[in-house]
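A short reminder: the numbers here are calculations on the coordinates, not readings from a lab. Source: prediction; values computed, not measured. Cβ: placed from backbone, ideal geometry, glycine included. Neighbour counts: every protein chain shown.
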Amino acid sequence: MDVRVSPSMVSGTARAPPSKSYTHRALLAAGYSDRATVGSPLVSADTRATARAVTAFGGTVSPSLDATEADHASIDVDGFDSRPTVPDDVVDCANSGTTMRLVTGAAALADGDTVLTGDASLRARPQGPLLDALSALGARAESTRSNGQAPLVVGGPLTGGDVALPGDVSSQYVTALLMAGAVTDDGVEVSLTTALKSAPYVDITLELLEAFGVTATPVGSETAAGADGFTVPGGQSYRPTDGRYDVPGDFSSISYLIAAGAVAADPNGAVRIEGARPSAQGDAAIVDVAARMGAHVDWDRDEGVITVERSTLEGVEVDVGDTPDLLPTIAALGAVADGDTRIVNCEHVRYKETDRVSAMAEELTRLGAETTEEPDALTIHGSESTLEGATVDGRGDHRIVMSLAVAGLAATAPTTIRGGEHVTVSFPTFFETIGALGAAVEPDV
């Protein structure tokens, strides 16, 4: 589906969707439990993949996330109670890298082999370090093409142990091992051979595990950042307080609403975002990034409300080592800002649904921006950029699509974004939400 975004001013109140990162973890944690309720889950293409995996391992999810007419204010999960069964069929993780990595850990607990695959994009993403770690722990963990990529064959049962793992490829490997390690006999201790990137995502995992009654701790640090490794004792049970876990709002999605307000808010109004309560999400850094760029941003943390007014922006340098999902949003802001916006420590962002560094450089250039791409950095030369509108490609990546839509609001002519339907991965109502704020958005037929 192609979507046309015309230059627009926005104002009013929007509500953040629930967090995709927390929903993935909560669904799988509920699967590890005997029974649990997940409140306010994000219902999206990616989280449906995780729910289907929980079902494949012997759990049930009610109502099904695939039931489009169902009320998903909360869902009940009858879990597989720490011991997943061998699925009857291949587990299709679709386009969800989080699903594949977290579910790979669960598959290693089953007494038999599980085959995991996904779409073409997912089958090109690196899984090798996690496979190596599981193999070192005694599980079967293989790539069918012997290239460290899906399809994967994973089998157990895993009993636990000590393992070394690089931290600079994906923090999701650590999450997978911690979540599975809690229900092994011996527990798992992970030593990091390189510094951990995207550390806040492991903090999310630690926070959620605690909410489900599971103990896991960093080694050498109080938080994931700077940790030498992680340890999780075995023999634990997943049991959330009062049998329920409620998913917080998603700061990755909030970033697009903040950016829209900063570049296109009505001068006589503002964009007000509800559901922005503090949590372990590293992407809450977008509030500080936008403020450093000169945006007028107020965050009432007690009420969970962020207010953004249209602002004159200045380029800054931003390190996204811990917040890779913010790169597209920051790049879009940089295309509207004066001066250079330099995004550094971003090589790992090339291994997402697409190479997001190249994708944003190339698509913003089509819109009229000037950019410089390096292996580990992206610079947007805002003072040399004039966004004039164009036809751009969302690259099958929800975050590229939404960031280009933000840039389109500030262009001088309409922007057509190919593949607009991919917002269903994390923010299914994105175009409706910005449309309700006043953005001129319509299918481009």
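Taking label positions 7 Å along the Cα-Cβ direction at both Thr13 and Arg366, the computed distance is 3.7 nm, reported to one decimal.
Site pair Ser237 and Thr60 shows an inter-label distance of 2.1 nm when each label is modelled 7 Å from Cα along Cα→Cβ.
Taking the Cα centre of the chain as origin and assigning +1 to Lys and Arg Cβ atoms and -1 to Asp and Glu Cβ atoms, the resulting dipole is close to 440 debye. For the chain, relative contact order (Cα pairs under 8 Å, six or more residues apart, normalised by length) works out to 19 percent. Using Cα springs under 10 Å in a Gaussian network model of the chain, which residue among Gly167, Gly181, Gly112 shows the largest mean-square fluctuation? Checking each option, the largest mean-square fluctuation is seen for Gly112. Would you mind checking the stretch 47-71 for residues with the amide N under 12 Å from a putative spin-label position 7 Å along Cα→C-beta of Asp88? Hits in the stretch 47-71 for Asp88 at 12 Å: 56-58. Annotation: for a label point projected 7 angstrom from Cα along Cα→Cβ of Asp34, residues of the stretch 206-224 with backbone N closer than 15 Å are 213.
Packing around the peptides 235-242, 223-230, 69-76, taken as the average count of other Cβ atoms within 10 Å per residue, puts them in this order, highest first: 223-230, 235-242, 69-76. Exposure proxy for Ser40, Ser252: other Cβ atoms within 10 Å of each Cβ, ordered fewest to most, give Ser40, Ser252. In order along the stretch 155-163, phi translates into HN-Hα couplings of x, x, x, 6, 10, x, x, 9, 8 Hz, rounded to whole numbers, per the Karplus curve 6.51 cos²θ - 1.76 cosθ + 1.60 with θ = phi - 60° and x for Gly and Pro. Dipole magnitude for the stretch 20-235: computed about the Cα centre from +1 point charges on Lys and Arg Cβ and -1 point charges on Asp and Glu Cβ, it is near 520 debye.
Peptides 103-110, 119-126 ordered by packing proxy, namely the average of other Cβ atoms within 10 Å per residue, highest first: 103-110, 119-126. Derived scalar couplings between HN and Hα for the stretch 343-359 equal 9, 10, 6, 10, 4, 5, 6, 6, 10, 9, 4, 8, 6, 6, 5, 5, 4 Hz in order, rounded to whole Hz, by the Karplus curve 6.51 cos²θ - 1.76 cosθ + 1.60 (θ = phi - 60°), x for Gly and Pro. The local environment of Arg342, defined by Cβ-Cβ distances under 10 Å, has a net charge of -4 under the rule Lys, Arg +1 and Asp, Glu -1. Between Ala120 and Ser146, full extension at 0.36 nm per residue minus the direct alpha carbon distance yields a gain of 7.7 nm. Once backbone amide H atoms are built at 1.01 Å from N, Asp246 has Gly39 as its partners under 5 Å, excluding neighbours fewer than 5 places away on the same chain.
Amide H to amide H distances under 5 Å link Arg35 with Gly79, where only residues 5 or more positions off or on other chains count and H is placed in the peptide plane. Taking each DSSP H run with n ≥ 4 as -39500 (n - 2.57) and averaging over every residue of the chain yields -9000 deg cm²/dmol at 222 nm.
Please say if the stretch 210-362 is rounded, prolate or oblate, where rounded means a/c under 1.5 for a ≥ b ≥ c the square roots of the C-alpha gyration tensor eigenvalues, and otherwise the choice is prolate for a/b larger than b/c and oblate otherwise? Oblate. For Thr386 and Asp444, the difference between the fully extended length at 0.36 nm per residue and the C-alpha to C-alpha distance is 18.6 nm. Full extension of the chain between Ala164 and Asp319 yields a length gain of 53.2 nm, computed as 0.36 nm times the residue separation minus the alpha carbon distance. In order along the stretch 138-153, the phi-based Karplus estimate (6.51 cos²θ - 1.76 cosθ + 1.60, θ = phi - 60°) of 3J(HN,Hα) comes to x, 8, 8, 8, 9, 8, 5, 9, 6, 10, x, 10, 5, x, 10, 10 Hz; Gly and Pro are listed as x.
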